[in-house]
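Each remark here refers to the structure printed beneath this line.
The values are calculated or read from the model by the stated rules, or taken from the named source; none is laboratory data. Remember, it's a predicted structure, so these values are computed and weren't measured experimentally. Here Cβ is always computed from backbone atoms with ideal geometry, including for glycine, and neighbour counts include all displayed protein chains. Surface areas here come from the heavy atoms of the whole protein model, side chains and all, with no ligands, DNA or RNA. Shrake-Rupley method; radii C 1.70, N 1.55, O 1.52, S 1.80 Å.
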Amino acid sequence: MARSFLFGLTLAGFLSVFAAPALACAGVDDCANGLVFKHFASEGPATGTMAVFLHGDVSNGRSGDYMLSSAQRFVKDVPGADAVVLIRPGYFDRDNRRSEGTDCGRRDCYTSEGVATVAEAVVQLKERFHAKLVLGFGHSGGSAILANVMGRRPGLLGGSVLTSCPCDVRNWKPNWTHSLSPLDVVTGVAKTARVVAITGKDDDNTVPAMTQRYVDALKAAGNDPKFIIVDGTHDYRTVRDAGLKALKELAIQLR
């Protein structure tokens, strides 16, 4: 491990690397491309619609499955849909199941390898649950990764709701030299993909202006994104309701 990387680790990142749970992802029932996931299915005939929920960086070192209740709410609100809460590389869930790969000390980890790992996991989940339409739902770093997936794997996601997105990594974290920036791959996003970006007006981390730059770039590239500013901060709970409402609307419109 490079000395510069060790010096750059935050305390939370240090703990996540050296004190992570020992139960690695194993078996086909709970893993997709080495990533832990939790699946929820709504009642009624399947519609072929699936939403993939992807968490943020969780810099406090805690588990990455804080979107479980959101996934459960989605399948309750959208009959016949499936939902998957996917745990990013190197992160763990509350049951001490850990995804394969590294979390990079929970910083500068929107790498080409990490994005490709998530994208291939989505491919496997799509096949496993017989989904015709896959939607992404991200928060913070999870939004950045999903936006990068859309730009590098056009058509895999029919649409995404990106909450609190650090979509302009170059300006957000200039020293994050390993991360891909969604703003750099907007021309690769399928013109048919529906993008809804949601940011809290009082978010002083991923500020609204950053998302606005991403949305403007998508428009210039021929996409038709929607940008919503809500009363809230970077805290997921303040953007959750608006995000789930937008996700439900996309699921109904696109299925």
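Only residues that are in a loop (DSSP other than H, G, I, E, B) and either within 24 Å of Lys245 (Cβ to Cβ) or within 12 Å of the chain's Cα centre (by Cα) (or both): list them for segment 139-169, please.
Passing the criteria: Ser140, Leu156, Leu157, Gly158, Ser164, Cys165, Pro166, Cys167.
Being of a type in the set (D, E, K, R) and touching a residue at least 60 places away in the same chain (Cβ under 8 Å) narrows it down to one residue among Arg213, Arg240; which is it?
Arg240
Filter segment 170-192 for residues that are among the hydrophobic types (A, V, I, L, M, F, W, C) and over 23 Å from Arg240 (Cβ atoms); which is surrounded by the fewest Cβ atoms within 10 Å (Cβ to Cβ)?
Checked segment 170-192; the qualifying residue surrounded by the fewest Cβ atoms within 10 Å (Cβ to Cβ) is Ala190.
Within segment 93-104, is even one residue assigned to a helix (DSSP H, G or I), open to solvent by 10 Å² or more (accessible area, probe 1.4 Å), over 22 Å from Gly158 (Cβ atoms) and touching a helix residue (DSSP H, G or I) at 6+ places or on another chain (Cβ under 8 Å)?
yes
Counting only residues that are small (Gly, Ala, Ser) and buried (at least 23 other Cβ atoms within 10 Å of the Cβ), which one in segment 72-89 is farthest from Leu146 (Cα to Cα)?
Checked segment 72-89; the qualifying residue farthest from Leu146 (Cα to Cα) is Ala81.
State all residues of segment 193-246 that are in contact with a His (Cβ under 7 Å, 6 or more places away or on another chain), open to solvent by less than 10 Å² (accessible area, probe 1.4 Å), assigned to a loop (DSSP other than H, G, I, E, B) and of a type outside the set (Val, Ile, Thr); if no residue qualifies, say none.
Asp203
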